[in-house]
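Data first, discussion second: the structure below is written as structure tokens.
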Amino acid sequence: MDWLLHGGFAWQTDPKLEFNLHPVLMITGFVFLYGNAILVFRALPGKKKTTLKILHVMLHTLSLVCVIVGLKSVFDSRNLPAKPISNLYSLHSWLGLLSVILYILQRLLVWCFQVRLISLRATRKISLMMKNSKSIFSEWCFSSLLGC
């Protein structure tokens with residue numbers, strides 16, 4: 001509630017108020033949206049799996065957007081004033097940056113794995129249609145083109 005008592009929020013027009021976006025967006029992204037994305041399969045057990053997967057991906061994407069905008073707001077609040085403040089001088093900032101980098105790497109690796117899995121499923125369907133000795137080579141070619 002500290003950000004409400006100190007004048008609310010702003011974007012690049014007022015760097016002091018822009019910093020107030022940082023804790024709100026980081027808590028929303030890393031705690032609320034990320035936590036709900038993890039629990040979506042347990043919280044809604046009766047829904048179709050495809051619907052849950054889409055909701056899971058959407059929550060993770062929103063979480064990533066909140067975290068990135070939260071990082072931008074904290075860097076802007078330090079770099080935009082007439083007298084800039086140095087960045088990344090505390091353990092909090094380094095651990096926070098490391099957390100965001102690891103989260104982005106996790107999202108990229110999951111995305112690459114999913115693309116690879118989808119390409120292998122499509123390749124298996126194609127190779128079953130071909131029913132000849134070249135199916136292994138075509139599976140390898142298709143996977144290498146679509147995989148990461």
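The values are calculated or read from the model by the stated rules, or taken from the named source; none is laboratory data. What you are looking at is a predicted structure, and each value in this text was computed from that prediction instead of being measured. We place every Cβ from the backbone using ideal geometry, glycine too, and count neighbours over all the protein chains shown.
Tabulated results
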quantity	calculated
Region 38-60 residues that are under 20 Å from LEU25 (Cβ atoms), paired with ones that are at pLDDT 85 or above and among the hydrophobic types (A, V, I, L, M, F, W, C) (beta carbon under 7 Å, 6 or more apart)	LEU59/LEU33; LEU59/ALA37; LEU59/VAL40; HIS60/ALA37
Subset of region 19-69 (residues that are among the small types (Gly, Ala, Ser) and within 16 Å of the chain's Cα centre (by Cα))	GLY29, GLY35, ALA37, SER63
Yes/no for SER93 being at pLDDT 75 or above and among the polar types (S, T, N, Q)	yes
Boolean, LEU117 is closer than 21 Å to ASN20 by Cα and not small (Gly, Ala, Ser)	no
Verdict on GLY29 being under 27 Å from VAL115 (Cα atoms), small (Gly, Ala, Ser), part of a helix (DSSP H, G or I) and in contact (Cβ under 8 Å) with a residue 24 or more places away in the chain	yes
In region 57-69, residue nearest to ARG107 (Cα to Cα) [restricted to those that are among the β-branched types (Val, Ile, Thr) and either surrounded by 15 or more Cβ atoms within 10 Å (Cβ to Cβ) or touching a helix residue (DSSP H, G or I) at 6+ places or on another chain (Cβ under 8 Å) (or both)]	VAL57
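Here's the yes/no breakdown for (1) at pLDDT 85 or above; (2) surrounded by 13 or more Cβ atoms within 10 Å (Cβ to Cβ):
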| site | (1), (2) |
| --- | --- |
| THR50 | yes, no |
| LEU55 | yes, yes |
| LEU71 | yes, yes |
| ARG78 | no, yes |
| ILE85 | no, no |
| LEU128 | no, no |
| LYS131 | no, no |
| SER143 | no, yes |
